[in-house]
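The values are calculated or read from the model by the stated rules, or taken from the named source; none is laboratory data. The structure displayed is predicted, hence computed values, not measured ones. Cβ placement follows ideal geometry from the backbone for every residue including glycine, while neighbour counts extend to all protein chains displayed.
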Amino acid sequence: MIIKGKIHKFGDNINTDEIIPAPYLVTTDIKELGKHCMYGIDSSFITKVRESDIIVAGRNFGCGSSREHAPLAIQGCGVALVIAQSFARIFYRNCVNVGLPILISDEIYKSIKPDDVLEADLSKGEIKNITQNKIFQVSAFPSLLQEIIEAGGLMKWYLLNKFET
């Protein structure tokens, strides 16, 4: 799976209330949630983000409450990938559950600049910063996680792969 997009950089400890503030949790429609993505930290984010863009963040991205609305909002605004120095554990799991690809990289966070364009090959674990002409290696997605992401999340993967008992 290859993802190419412009980056949007955020710092440390971005919590789920900043990703999708509580007043907007009245729906599970991802397009509606996407209209308010990152509103708690950057109210203009939704005017800047485009389909296939990439969020790059610091440590502990997605901390706070365990709401699955946060990765849904990120998907709903068109973001195709989140790369962070580290993720809150429940947020990481929620991303897999809804089919949002995420990668961990300290080096990418430290080297990127606003509006850089990245191309990520999830199966190889290779990230190219096209703007700076740099290549980074990260841990590739395990094959099962790739299947889940490509299916659109855990439930969709399960429905495609019902196991007989």
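Just need a number here: residues in segment 98-111 that are under 15 Å from residue 12 (Cα atoms) and either aromatic (Phe, Trp, Tyr) or touching a residue at least 24 places away in the same chain (Cβ under 8 Å) (or both).
Of segment 98-111, the ones under 15 Å from residue 12 (Cα atoms) are 104-110.
So of that shortlist, the ones also either aromatic (Phe, Trp, Tyr) or touching a residue at least 24 places away in the same chain (Cβ under 8 Å) (or both) come out as 104-105, 107-109.
Looking only at that region, the number is 5.
Collect the residues in segment 106-133 that are among the small types (Gly, Ala, Ser) and at pLDDT 95 or above, keeping them in residue-number order. So that I can check it myself, show each step before the final result.
Start the filter on segment 106-133 by keeping residues that are among the small types (Gly, Ala, Ser), which leaves 111, 120, 123, 125.
Hits for segment 106-133 are 111, 120.
So which residues in segment 8-24 are in a loop (DSSP other than H, G, I, E, B) and within 13 Å of the chain's Cα centre (by Cα), if there are any at all? Break it down stepwise before answering.
Of segment 8-24, the ones in a loop (DSSP other than H, G, I, E, B) are 10-14, 20-21.
If the condition is that a residue be in a loop (DSSP other than H, G, I, E, B) and within 13 Å of the chain's Cα centre (by Cα), then 10, 14 are the ones that fit.
Residue by residue, here is whether (1) hydroxyl-bearing (Ser, Thr, Tyr); (2) crowded, with 23+ Cβ neighbours inside 10 Å holds:
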position	(1), (2)
60	no, no
63	no, no
70	no, yes
81	no, yes
86	yes, no
98	no, no
106	no, no
109	yes, no
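To keep it simple, each residue is scored yes or no on (1) of a type outside the set (Val, Ile, Thr); (2) in a helix (DSSP H, G or I).
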| residue | (1), (2) |
| --- | --- |
| 95 | yes, yes |
| 108 | no, yes |
| 114 | yes, no |
| 119 | yes, no |
| 146 | yes, yes |
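Keeping to segment 136-154, report how many residues are surrounded by 12 or more Cβ atoms within 10 Å (Cβ to Cβ), modelled with pLDDT under 90 and not polar (S, T, N, Q).
Our first condition is that a residue be surrounded by 12 or more Cβ atoms within 10 Å (Cβ to Cβ); within segment 136-154, this holds for 136, 138, 140-141, 145-154.
Cutting the leftovers down to modelled with pLDDT under 90 gives us 140-141, 145-146.
Going one step further and asking which of them are not polar (S, T, N, Q), we end up with 140-141, 145.
Number of matching residues: 3.
When you scan segment 28-45, how many residues do you find that are out of contact with any Gly (no Cβ under 6 Å at 6 or more places or on another chain) and either farther than 10 Å from residue 73 by Cβ or surrounded by 17 or more Cβ atoms within 10 Å (Cβ to Cβ) (or both)?
Here is the first cut: in segment 28-45, the ones out of contact with any Gly (no Cβ under 6 Å at 6 or more places or on another chain) are 28-29, 32, 35-45.
Remaining after also requiring either farther than 10 Å from residue 73 by Cβ or surrounded by 17 or more Cβ atoms within 10 Å (Cβ to Cβ) (or both): 28-29, 36-45.
Residues that pass the stated criteria total 12.
List, please: which pairs have Cβ atoms under 6 Å, are six or more places apart or on different chains, and start with a residue in segment 112-126 that is on the phi > 0 side of the Ramachandran plot and end with one that is surrounded by 15 or more Cβ atoms within 10 Å (Cβ to Cβ) and not small (Gly, Ala, Ser)?
That search, which allows pairs on different chains as well, returns 115/6; 125/138.
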